[in-house]
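Quick notes on the structure that follows.
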Amino acid sequence: MHTITLREGADLDGFRRAVRRLAASRTEPDTVLWSVGAPSLFGDDAAPASENGLPLFLPHAVGQLIETVVCHGDPERYALLHRLVWRVLNGERALLDQHADPLVHRLERLDKAVRRDIHKMHAFLRFRALPDPDGGERYVAWFEPDHHIVEAVAPFFVERFESMVWTILTPKGSLHWDRQHLMTGPPAERPDSLADDRFAEGWLRYYESTFNPARVNPTAMRAEMPRKYWVNMPETAAIPAMVRSAPARVQAMLEAEAAIPRRRTPEKAVAAMARQAPESLADLNRLIQRSEPLVPGATQAVLGEGPEGAAIAIVGEQPGDQEDREARPFVGPAGQLLTAALEEAGIDRGSLYLTNAVKHFKFVQRGKRRIHQSPTAGEVKHYRWWLMTELGFVRPRLVVALGATAALALSGRPVAVLRERGPMAFDGWDGFVTVHPSYLLRLPGDEERRRAQAEFVADLRRAAALA
């Protein structure tokens with residue numbers, strides 16, 4: 001019988017060295033006794049590299065499972081992992097796919113328990129500010145994990161609180177961070193100095209402000225936030241009072257007069273638009289500029305650009321972010337791609353009339369970014385009067401629709417662009433349908449993108465020939 005003793009806690013390196021030597025000597029799991037609590041007798045740190053055995057080539061999932069399960073508090077974890085490695089090396093490479101296998105089932109339960117413990121420590125650890133001996137401020141937290149996860153959670157807290165000087169104390173080990181170095185330490189006892197501080201007070205006020213009495217569910221709350229952690233979490237002091245007052249607060253919410261949400265009704269604006277009778281393209285453009293956007297977003301209307309009487313009018317979907325900022329059509333990435341394709345097709349962009357079916361940039365604000373939103377069929381319909389009046393002043397011989405939105409606006413029906421691309425009649429206009437250049441920008445592969453661009457250039461040449 002072989003005896004292997006690893007250090008307390010999660011001795012991943014010790015287990016690796018030991019299991020490599022066991023594999024090299026073909027030592028079966030039934031002949032090995034694993035224990036913890038003292039320096040390893042078989043795979044200890046002082047062992048020469050030549051005695052550490054050869055590297056093992058295990059499936060990636062097996063390696064990940066080992067890293068997690070060694071953190072479990074089960075004293076049998078190393079024996080179970082050794083048995084797993086033995087079976088994988090002896091022909092059962094896909095053993096982890098056999099979820100009904102008793103060994104796999106048990107290891108998966110250990111893995112799940114460790115991952116849950118790590119999640120709890122991420123979620124329920126709370127720092128308190130304490131004076132540091134050097135006159136500064138140190139943030140100290142006390143936590144009681146179920147398993148040996150202290151080193152496993154260290155990267156999370158270093159990344160999250162890199163600019164703070166902090167210490168995390170647990171019965172299974174400790175961590176110390178000085179803004180540059182991470183040090184591990186022995187198990188600790190709960191310090192008496194962790195009284196509530198201004199951080200705890202602020203966290204309590206935040207928790208109370210986000211509490212929704214209509215969604216209170218004490219059973220679910222206790223399941224997600226086990227009571228064993230409550231003693232170290234300042235906000236939990238407010239939970240009993242908030243739960244008691246929840247029914248009254250909900251009743252007050254129900255009795256409060258409901259506010260009717262504001263809903264945009266562009267029908268009036270569209271009707272007023274139809275009663276207008278601009279006498280020129282310039283008059284129409286002034287009307288568009290004075291009108292409110294019929295879609296959310298937009299800082300200004302983006303008008304058509306090009307000579308009246310142009311042989312070809314190109315109609316896109318709507319202005320993008322850059323077009324909205326510059327108030328010019330087709331100046332963003334898709335517009336630049338269109339310009340390059342026109343040059344390749346031998347078409348002078350200055351000879352064309354360029355416009356969009358929707359005159360305003362529809363977007364939602366996310367942080368500093370304005371995210372493009374496609375107009376709905378109803379919004380395209382609302383803008384259609386402007387577009388058709390505009391084309392009436394330009395009088396092109398051919399109208400080219402770029403993409404489905406432009407084709408919908410010009411034809412009045414949904415158009416499957418890739419299937420119907422080519423000549424098409426548009427409500428009194430000779431038309432042509434092709435893809436929008438933004439479609440080309442979204443294609444994933446270089447080869448596919450080059451092929452699609454070549455087809456797009458061919459479409460432009462064909463449209464020029466028709467005009």
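The values are calculated or read from the model by the stated rules, or taken from the named source; none is laboratory data. Keep in mind that what you see is a predicted model, and the values were worked out from it rather than measured. Cβ atoms come from the backbone with ideal geometry, glycine included; neighbour counts cover every protein chain shown. With ligands, DNA and RNA removed, areas are computed over all heavy atoms of the protein, side chains included. Shrake-Rupley method; radii C 1.70, N 1.55, O 1.52, S 1.80 Å.
When residues of region 403-422 are filtered for being at negative phi and touching a helix residue (DSSP H, G or I) at 6+ places or on another chain (Cβ under 7 Å), how many remain?
Matching residues across region 403-422 total 9.
Report whether or not Gly14 is assigned to a helix (DSSP H, G or I) and modelled with pLDDT of 90 or more.
It is true that Gly14 is assigned to a helix (DSSP H, G or I) and modelled with pLDDT of 90 or more.
What are the residues in region 67-111 that are among the charged types (D, E, K, R), over 25 Å from Arg26 (Cβ atoms) and either in contact with a Cys (Cβ under 8 Å, 6 or more places away or on another chain) or part of a loop (DSSP other than H, G, I, E, B) (or both), if any?
Result: Asp74, single match.
Conditions: (1) closer than 30 Å to Gly136 by Cα; (2) out of contact with any Gly (no Cβ under 7 Å at 6 or more places or on another chain). Met242 meets all but one. Number of the miss?
Condition not satisfied by Met242: (1).
Within region 91-103, is even one residue farther than 23 Å from Val19 by Cα, out of contact with any Phe, Trp or Tyr (no Cβ under 6 Å at 6 or more places or on another chain) and surrounded by 18 or more Cβ atoms within 10 Å (Cβ to Cβ)?
no
List pairs: first in region 215-232 and modelled with pLDDT of 80 or more, second open to solvent by less than 70 Å² (accessible area, probe 1.4 Å) and not aromatic (Phe, Trp, Tyr), Cβ under 7 Å, 6+ apart or cross-chain?
Val216/Val243; Val216/Ala246; Pro218/Val243; Tyr229/Lys120; Trp230/Thr236; Asn232/Arg126
What single numbered condition from (1) assigned to a strand (DSSP E or B); (2) touching a residue at least 24 places away in the same chain (Cβ under 8 Å); (3) surrounded by fewer than 16 Cβ atoms within 10 Å (Cβ to Cβ); (4) out of contact with any helix residue (DSSP H, G or I) (no Cβ under 7 Å at 6 or more places or on another chain) fails to hold for Met183?
All conditions are met except number (2).
Tally the residues that are buried (at least 18 other Cβ atoms within 10 Å of the Cβ) and among the small types (Gly, Ala, Ser), restricting the search to region 125-172.
2
Are any residues in region 145-176 out of contact with any His (no Cβ under 9 Å at 6 or more places or on another chain) and over 21 Å from Asp111 (Cβ atoms), and if so, which ones?
Result: Val158, Glu159, Phe161, Glu162, Ser163, Met164, Leu169, Pro171, Ser174, Leu175, His176.
Might you let me know whether region 65-75 holds any residue that is touching a Lys or Arg at 6+ places or on another chain (Cβ under 8 Å), surrounded by fewer than 17 Cβ atoms within 10 Å (Cβ to Cβ), modelled with pLDDT under 95 and not charged (D, E, K, R)?
Checking region 65-75: not a single residue is touching a Lys or Arg at 6+ places or on another chain (Cβ under 8 Å), surrounded by fewer than 17 Cβ atoms within 10 Å (Cβ to Cβ), modelled with pLDDT under 95 and not charged (D, E, K, R).
Just a yes or no: is a residue in region 386-394 of a type in the set (Phe, Trp, Tyr), open to solvent by 30 Å² or more (accessible area, probe 1.4 Å), over 17 Å from Leu352 (Cβ atoms) and touching a residue at least 60 places away in the same chain (Cβ under 8 Å)? Outline the logic, then answer.
As a first pass, look at region 386-394 and keep what is of a type in the set (Phe, Trp, Tyr): 386, 393.
From what is left, the residues that are open to solvent by 30 Å² or more (accessible area, probe 1.4 Å) are 393.
Filter again for over 17 Å from Leu352 (Cβ atoms), leaving none.
No, the conditions are met nowhere in region 386-394.
Out of region 420-437, which residues are at pLDDT below 90 and either among the charged types (D, E, K, R) or open to solvent by less than 40 Å² (accessible area, probe 1.4 Å) (or both)?
Phe426, Asp427
Can you find a residue that is at positive phi, among the small types (Gly, Ala, Ser) and surrounded by fewer than 13 Cβ atoms within 10 Å (Cβ to Cβ) anywhere in region 438-453? Give the derivation first.
Let us first name the residues in region 438-453 that are at positive phi, namely none.
Scanning region 438-453 turns up no residue that is at positive phi, among the small types (Gly, Ala, Ser) and surrounded by fewer than 13 Cβ atoms within 10 Å (Cβ to Cβ).
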